[in-house]
Amino acid sequence: MPANITGWRFRLLELKMFFRLAKIAFDMYPRQADAWRALRRHIPVHLAYRQACHLTKAVRVGERVFTQLSFPHIDSAAMKVMAAGELQKSVPVAGRHPGLNKILLAVTKKCSLQCAHCFEWEALNGRESLSAADILHIIRKFQADGVATIELSGGEPLNRYDDLLRIVQESDTEQTDFWLITSGFRLTAQRALDLREAGLVGAAISLDHWDAGAHDRFRGMEGSFEWARQAVQNAKAAGLAVGLALTVVREFCTPEHLWRYAQLAREWGVHLIRILEPQPVGHFAGQDVLLRPADIAVLEEFVRKIQRERACRNFPVVDYYAPHQRQAGCSGAGKRFLYVDTDGDMHACPFCQKKCGSAITEKISVGIANMATAGGCHIY
């Protein structure tokens with residue numbers, strides 16, 4: 001079973017994280033008064049997130065500790081990048097850019113699946129626009145500004161395995177945590193090991209149902225459940241942090257489905273679960289797919305229990321961001337994250353796709369400035 005950190009051990013971990021944050025603040029600001037001011041302003045932001053997302057446990061994977069799939073592992077250089085960015089948002093330092101917590105970077109249009117919810121549906125299996133060199137150029141630009149986590153997606157990124165391996169090998173995997181976002185397609189034991197040795201931190205494997213047949217139908221490919229299961233085992237054996245990514249559609253949003261999914265994740269030894277809500281874009285465009293208030297209430301209660309209740313301490317850590325979005329507004333559009341598509345164009349997020357500049361030819365700051373005037377999120 002994953003080595004979860006809960007109860008008083010998690011509270012000690014939080015205390016350690018605060019002292020680490022304080023050290024970063026006092027190293028970062030020339031004046032101690034500014035460091036104290038940044039900390040005082042940041043703490044309510046963190047507490048609001050902690051409450052909304054039930055940030056009450058962590059998981060140890062080898063020597064690394066994770067509190068969310070979306071956050072870098074604790075005590076890493078990547079976590080320092082994220083912490084410095086958050087402090088900079090509270091009290092800016094002249095001449096310093098706050099950087100981003102995360103970018104989602106699509107590295108290929110190719111995919112064998114026909115997923116019901118694919119947000120890149122219109123571009124799927126088109127002609128590739130980006131070379132490996134282009135992708136590395138984009139990554140280096142974002143890392144120069146400061147980015148804590150880069151998630152490599154597609155399409156199915158393993159369709160460009162040789163390029164994918166090169167991208168991880170030639171990137172700074174100390175400054176930034178790199179995650180693979182995959183259906184599990186052809187994530188063999190050797191590939192998982194090679195990617196981990198290259199510097200990959202983890203793999204988030206899409207699994208949208210606890211039932212094999214239902215998952216295969218949602219993904220439009222018979223056998224996709226089995227390759228996701230095998231990918232989990234191969235990634236775990238390689239020493240990667242392993243997450244499952246679940247898009248909760250209305251018919252799945254019942255206590256029975258959610259708990260059976262959680263039990264399956266626990267049986268597989270998964271470390272983290274990321275929960276996403278369906279959006280009417282891509283293959284779902286024009287469809288009535290948004291969760292209703294009653295569905296959201298069921299989902300939020302499930303997350304509260306699995307994160308907080310003593311009986312659920314050995315279940316995977318759950319990363320469910322939407323409740324915080326509903327309270328504080330979206331963190332996309334360059335506030336904390338953004339999306340780079342398969343042509344290298346920057347967007348507010350995968351679900352709010354408006355091209356706001358090329359990450360290849362333009363400055364990142366230009367793309368972010370364009371997002372501020374391109375129109376808000378269709379939900380938040």
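Say whether the condition of being closer than 23 Å to Ala245 by Cα, at pLDDT 90 or above and assigned to a strand (DSSP E or B) is met by at least one residue in the stretch 309-318. Yes, some residue in the stretch 309-318 is closer than 23 Å to Ala245 by Cα, at pLDDT 90 or above and assigned to a strand (DSSP E or B). Kindly evaluate Leu290 against the criterion of being surrounded by fewer than 22 Cβ atoms within 10 Å (Cβ to Cβ), in contact (Cβ under 8 Å) with a residue 40 or more places away in the chain and either in a loop (DSSP other than H, G, I, E, B) or β-branched (Val, Ile, Thr) (or both). Yes; evaluated as a whole, the condition is true for this residue. Here Ser129 meets the list (1) in contact (Cβ under 8 Å) with a residue 24 or more places away in the chain; (2) surrounded by fewer than 21 Cβ atoms within 10 Å (Cβ to Cβ); (3) more than 16 Å from His347 (Cβ to Cβ) almost entirely, failing just condition (3).
At least 1 residues being over 17 Å from Arg186 (Cα atoms) and among the hydrophobic types (A, V, I, L, M, F, W, C) is the threshold, and among the helices (runs of 4 or more DSSP H) wholly inside the stretch 211-279 those reaching it are 212-219, 255-268. Please find, among Thr149, Thr173, Thr182, the residue that is closer than 18 Å to Ala359 by Cβ, at pLDDT 95 or above, of a type outside the set (A, V, I, L, M, F, W, C) and within 19 Å of the chain's Cα centre (by Cα). Residue meeting the stated conditions: Thr149. Just give me the residues in the stretch 66-81 being over 18 Å from Leu152 (Cα atoms) and of a type outside the set (D, E, K, R), in sequence order. Matches in the stretch 66-81: Phe66, Thr67, Ile74, Ser76, Ala77, Met79, Val81. Here's a check for you: in the stretch 36-77, which residue that is of a type in the set (Val, Ile, Thr) and not in a strand (DSSP E or B) is farthest from Arg336 (Cα to Cα)? Ranking the candidates gives Thr56 first. The condition (being on the phi < 0 side of the Ramachandran plot and either outside any loop (DSSP other than H, G, I, E, B) or β-branched (Val, Ile, Thr) (or both)) is satisfied by just one residue among Ala116, Ala33, Ala94: Ala33.
The lone criterion from (1) more than 21 Å from the chain's Cα centre (by Cα); (2) in contact (Cβ under 8 Å) with a residue 40 or more places away in the chain; (3) in a helix (DSSP H, G or I); (4) farther than 18 Å from Tyr261 by Cα left unmet by Leu164 is number (1). Surrounded by fewer than 18 Cβ atoms within 10 Å (Cβ to Cβ) and of a type outside the set (Phe, Trp, Tyr), is that true of Ile296? Yes.
Pairing residues of the stretch 267-280 that are acidic (Asp, Glu) with residues that are part of a loop (DSSP other than H, G, I, E, B), at Cβ distances under 6 Å and at least 6 apart in sequence or on separate chains, gives Glu277/Leu291. Collect the residues in the stretch 163-222 that are of a type in the set (A, V, I, L, M, F, W, C) and more than 15 Å from Leu240 (Cβ to Cβ), keeping them in residue-number order. Answer for the stretch 163-222, where residues must be of a type in the set (A, V, I, L, M, F, W, C) and more than 15 Å from Leu240 (Cβ to Cβ): Ile167, Phe185, Leu207, Trp210, Ala212, Ala214, Phe218, Met221. Specify the residue that is surrounded by the fewest Cβ atoms within 10 Å (Cβ to Cβ); the eligible residues are those in the stretch 50-94 that are touching an Asp or Glu at 6+ places or on another chain (Cβ under 6 Å) and over 18 Å from Ala203 (Cα atoms). Here the answer is Ala77. Within the stretch 127-146, the residues that satisfy the criterion of being over 18 Å from Leu100 (Cβ atoms) and either of a type outside the set (S, T, N, Q) or under 16 Å from the mean Cα position of the chain (by Cα) (or both) are Arg127, Glu128, Leu130, Ala132, Ala133, Asp134.
The values are calculated or read from the model by the stated rules, or taken from the named source; none is laboratory data. Quick caveat, the model's predicted, so the values are computed rather than measured. Methodologically, a virtual Cβ is constructed for each residue, glycine included, from the backbone with ideal geometry; neighbour enumeration extends over all protein chains shown.
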